[in-house]
Amino acid sequence: MARATGYAVTLGCAHCGSALDATRPEVELIARHKRAVAKFPLALGKRGYLFDQYWDVIGALKRKDALDIWNEYLLFNPYVGYRWLVEYKGDWQFGTMVLDVPEADADGIVWRGERFTSAGPDQQVTATCVIGEFYWRIKAGDQVRCVSFERGDVSLSCEVTDEEVNWTQLVPIAAREVQTAFAIDGRKMPGRRFAQQAHAATGAADDLLAMFAVAGIGAFLALVVMLLLAGPVSRTVGSVNAPYGKTREGVLIGTLEIKRDWQLVSLKAQGQDFDNRWVDIDYSLVDRRTGQAIGGYGLAERYSGVDSDGSWVEGSRGAETLLGHVPRGTYDLYVDAEAHAWPIDATLNPDGSVSMPPDGSQLSTWAQPDAITMTIVAETGALPSGNWWTVLVLLLAWPMAILWWRHEND
């Protein structure tokens, strides 16, 4: 039975899916759908109370564009007119026809004094299923061009055909409010986006926490394996005074014992209380038996100052160097070190006096010539922390990607 008698132009049979022309007395058959009518969670004939008015569901459309498919329901109140309910993957919007056409410009549109920005390029939208009553002639396969504009949660949708242009204001409405208003069975309510896809097949509990747990256990096991492979620890500590302007060479720091076929050796250098300077450190790990040396390099640098944005600090007074695959044996660690200042270097003479720059300018407090004491700590059994972090990132990549996807589509 038609609820909008005198208004409706097209009727759609809820049983066979046929579209009927209501403008002729004999109600001529226009077309018959080739496939069964899609199941809509909101049934025709339902009455609900939304926005202080009672509404009858008189029509339903299933539409799609190049990427998505959604449902649209035509509501009718004889005293107010037509409204729309739009449902897309569990999210609902309430639509009202716009009679005062927005003004367009290069940045979007302006409607009732408020600016709306484009939500994306226009799309060709196709009606795939039509049931119920409508105030215009429509059938499955009909197409329109659609473009949307947004301002916060409110959007304006424009539909263009060869005959007319229609604007609709859409505001969000909670799914529970729609369910309550029309007394929809909760089992028929569409789930929200990702949750609907993730749980529809089995209804199983969310396994994202389990994935994070597996990743954590895997990272812990990887750490245990690395600790076992690192082997016993041999440690030596010493220091070197890095002079300003020249290199101090061949300072013996101490002796290390490599007790496995090969081990990693960590070399850490740490200075105190220097700014706007850097220290170059060259390491030589010399095998007592063969005399062969394994070299390494470290750089400790720290800078600070004040600019238009305020105080700033860069770098570190410490540096770590990792020597990999050091063979079994007894090694002596020698260090060469040299300090530098910024923005200008001075020169230390053999007698210890200081040669000033050629222009005779005085050194700033940033460039006072002295030695910088660096403490050197060398030990075997080092862990390749970079490898462990790589393992952790790989283990967490999949659950983190799922978590981000859910957040973006929730």
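The values are calculated or read from the model by the stated rules, or taken from the named source; none is laboratory data. All values derive from a computational prediction rather than experimental measurement. A quick note on method: Cβ atoms are made from the backbone with ideal geometry, for glycine too, and the neighbour counts reach across all protein chains shown.
Below is a table of values for the structure above.
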| item | result |
| --- | --- |
| Qualifying residue in the stretch 182-197 (condition: more than 36 Å from the chain's Cα centre (by Cα) and either within 19 Å of Val86 (Cα to Cα) or at pLDDT below 90 (or both)) | yes |
| Evaluation of Leu85 against (1) at pLDDT below 95; (2) closer than 18 Å to Ile131 by Cα (one fails), failing number | (1) |
| The listed residue being in a strand (DSSP E or B) and under 16 Å from Ala371 (Cβ atoms), out of Asp280, Asp332 | Asp280 |
| Residue satisfying all of: in the stretch 106-117; at pLDDT 90 or above and within 25 Å of Asp68 (Cβ to Cβ); surrounded by the fewest Cβ atoms within 10 Å (Cβ to Cβ) among these | Thr117 |
| Top-ranked residue of the stretch 257-280 - restricted to ones that are closer than 17 Å to Tyr331 by Cβ and surrounded by 22 or more Cβ atoms within 10 Å (Cβ to Cβ), ranked as modelled with the lowest pLDDT | Gln263 |
| Residue among Val265, Val233 that alone is part of a strand (DSSP E or B) and touching a residue at least 60 places away in the same chain (Cβ under 8 Å) | Val265 |
| Meets criteria (touching a strand residue (DSSP E or B) at 6+ places or on another chain (Cβ under 7 Å) and under 19 Å from Met97 (Cα atoms)) for Cys129 | no |
| Residues satisfying the stated conditions in the stretch 47-105, i.e. assigned to a strand (DSSP E or B), charged (D, E, K, R) and surrounded by 14 or more Cβ atoms within 10 Å (Cβ to Cβ) | Arg47, Asp56, Lys62, Arg63, Lys64, Glu72, Arg83, Glu87, Asp91 |
| Subset of the stretch 284-319 [among the charged types (D, E, K, R), exposed (fewer than 12 other Cβ atoms within 10 Å of the Cβ) and assigned to a loop (DSSP other than H, G, I, E, B)] | Arg288, Arg289, Asp309 |
| Qualifying residues in the stretch 309-322 (those that are at pLDDT 90 or above and of a type in the set (A, V, I, L, M, F, W, C)) - the one nearest to Ser266 (Cα to Cα) | Ala319 |
